[in-house]
Amino acid sequence: MNKREIQRARNETRGCEYVTHFNNAGSSLMAAPVADYLYEFLQEEEMRGGYETAASRSMELENFYVRVAELINAKPKEIAFVENATRAWDMIFYSIPLRAGDQIITVRSEYGSNVIAYLHRAKQTGAELVILENNDDGEPDTNQLRKLINKKTKLISMSHIPTGGGLVNPASEIGAIANEYGVPYLLDACQSVGQMSVDVADIGCDFLSATGRKFLRGPRGTGFLYVKQDWIERLEPPLIDQFAANLLDEKTYLLRRDARKFENWERYFAGQAAFGRAIEYAMDFGLPKIQHRIFKMADKLRERLQEIPELEVTDQGRLKCGIVTFRHEALDAATIKSELARRKINVSVSSGSGSRLSFMERGIEAVVRASIHYYNSEEELEHFLSKIRQLVA
Ligand SMILES: Cc1ncc(COP(=O)(O)O)c(C=O)c1O
């Protein structure tokens with residue numbers, strides 16, 4: 001991105017006037033054109049009625065599917081609107097038939113909610129959860145994956161970028177192996193869409209879930225699910241309503257034949273339309289440019305943080321993204337976060353379930369997570385570094 005584009009992004013991000021926002025992996029600052037669009041939609045609902053607004057703006061609601069499809073190189077009929085990434089992911093995961101002895105393969109850096117769902121279904125069905133361990137780079141060992149796959153393997157499921165670190169998992173390498181062995185592949189792209197180019201055909205995933213509020217800068221309470229065309233009719237969602245299916249008589253219902261069979265009837269209509277706008281906004285800059293800027297800024301931040309005594313950058317992997325995590329020998333992560341908040345700098349703390357399996361293995365309790373977006377400036381980076389240095393001095 002050039003200086004003009006960065007300036008445009010900052011001018012169109014009103015929150016930049018108030019705060020240094022390095023919590024984009026939590027929830028980004030919405031861009032003004034997206035936020036204004038959302039407010040107008042809600043105002044129309046207030047003044048004209050919700051159903052009436054949805055009817056008059058039906059093309060804008062359809063636009064959501066078109067934009068998501070463009071963003072990830074899919075077809076609009078392969079996209080469902082879901083209220084968040086977890087539920088989008090659940091709708092697929094709980095659709096996959098599992099029996100005693102079946103195997104689900106995931107990775108060490110997997111997101112906590114997903115691990116809980118694996119264990120939940122393992123308890124219900126007698127299926128087994130198998131963890132693909134990391135290689136020396138801290139990435140899933142793809143050679144090992146080939147050895148783990150057998151006739152009982154019913155799913156390979158992985159977070160593209162974990163919640164608590166800068167690691168970018170080798171999604172395409174895993175996809176190539178999943179496809180070679182004919183194993184369905186579910187990718188949790190919650191932290192990757194919006195900060196890097198994500199192409200479902202390149203990756204070779206059968207399903208992908210994501211959220212609106214993080215790097216895509218959409219409203220909270222929005223998410224999406226991608227289901228590859230050949231899978232749509234093969235799966236029965238775990239929950240269905242009269243939007244997902246048509247009731248024909250006392251004995252029969254007919255499921256929709258597109259990915260919207262994984263949706264609910266009632267939803268956040270304004271959010272769906274505004275999420276479509278947020279994707280348009282990102283694509284206007286271009287995902288390759290966005291990725292380049294974010295990754296470069298984050299690499300610089302890591303380099304500079306590493307110079308600070310007693311501070312350890314905890315990001316793993318060969319390719320690292322806009323999530324920068326670190327810990328300090330003397331100051332705990334929660335204190336660093338609250339001290340930064342007092343100075344109008346937003347970061348978050350990664351701890352607990354979210355990164356449990358990875359942190360347990362590495363002996364980590366909690367890390368500070370500073371997540372950079374393209375609208376963050378070099379000045380903000382310097383400001384952040386100087387505050388960190390003061391804090392730990
Ligand atoms: C890797 C990953 N997957 C899934 C989620 C859940 O997303 P949501 O809160 O939209 O359900 C998160 C949220 O932080 C995440 O980091």
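The values are calculated or read from the model by the stated rules, or taken from the named source; none is laboratory data. Keep in mind that what you see is a predicted model, and the values were worked out from it rather than measured. We place every Cβ from the backbone using ideal geometry, glycine too, and count neighbours over all the protein chains shown. These accessible areas exclude ligands, DNA and RNA; they are computed on the full protein's heavy atoms, side chains included. Shrake-Rupley method; radii C 1.70, N 1.55, O 1.52, S 1.80 Å.
In table form, for the structure just shown:
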item: Condition met for SER109 (within 21 Å of the chain's Cα centre (by Cα), part of a helix (DSSP H, G or I), among the polar types (S, T, N, Q) and within 16 Å of the ligand (Cβ to nearest atom)); result: no
item: Residues being touching a helix residue (DSSP H, G or I) at 6+ places or on another chain (Cβ under 7 Å), within 22 Å of LEU155 (Cα to Cα) and among the charged types (D, E, K, R) - total across region 53-101; result: 3
item: First in region 14-30 and outside the structural domain of GLY218 (by TED's automatic domain parsing), second anywhere and buried (at least 19 other Cβ atoms within 10 Å of the Cβ) and acidic (Asp, Glu), Cβ under 6 Å, 6 or more apart; result: THR20/GLU380
item: Condition check for HIS160: open to solvent by 50 Å² or more (accessible area, probe 1.4 Å) and within 16 Å of the ligand (Cβ to nearest atom); result: no
item: Residue among GLY166, GLY175 that is within 16 Å of the ligand (Cβ to nearest atom) and open to solvent by less than 10 Å² (accessible area, probe 1.4 Å); result: GLY166
item: Filter result (away from the ligand (no atom under 16 Å from the Cβ) and either in contact with a Pro (Cβ under 8 Å, 6 or more places away or on another chain) or modelled with pLDDT under 95 (or both)) within region 178-199; result: ALA178, SER197
item: Boolean, VAL324 is in contact with a Ser or Thr (Cβ under 6 Å, 6 or more places away or on another chain) and either surrounded by 24 or more Cβ atoms within 10 Å (Cβ to Cβ) or part of a helix (DSSP H, G or I) (or both); result: no
item: Condition broken by PHE64, with the remaining ones in (1) open to solvent by less than 10 Å² (accessible area, probe 1.4 Å); (2) in a helix (DSSP H, G or I); (3) without any contact (Cβ under 8 Å) to a residue 60 or more places away in the chain satisfied; result: (3)
item: Any chance ARG146 is over 30 Å from LEU254 (Cα atoms), surrounded by fewer than 16 Cβ atoms within 10 Å (Cβ to Cβ) and within 16 Å of the ligand (Cβ to nearest atom); result: no
item: Listing of strands (runs of 3 or more DSSP E) fully contained in region 195-281 that carry 2 or more residues being touching a Phe, Trp or Tyr at 6+ places or on another chain (Cβ under 6 Å) and within 23 Å of PRO97 (Cβ to Cβ); result: 207-211, 223-227
item: Residue check for GLU46: at pLDDT 95 or above, within 14 Å of the ligand (Cβ to nearest atom) and open to solvent by 10 Å² or more (accessible area, probe 1.4 Å); result: no
item: Any hit, region 207-229, residues being more than 10 Å from the ligand (Cβ to nearest atom), closer than 21 Å to GLU263 by Cβ, over 21 Å from the mean Cα position of the chain (by Cα) and in the same structural domain as ARG256 (by TED's automatic domain parsing); result: yes
item: Every residue from region 201-212 that is crowded, with 24+ Cβ neighbours inside 10 Å and in contact (Cβ under 8 Å) with a residue 60 or more places away in the chain; result: PHE207, LEU208, SER209, ALA210, THR211, GLY212
item: Neighbours by Cβ (under 7 Å, 6+ apart or cross-chain): first from region 99-119, farther than 17 Å from LEU132 by Cα and open to solvent by 20 Å² or more (accessible area, probe 1.4 Å); second part of a helix (DSSP H, G or I) and away from the ligand (no atom under 13 Å from the Cβ); result: ARG99/THR125; ALA100/THR125
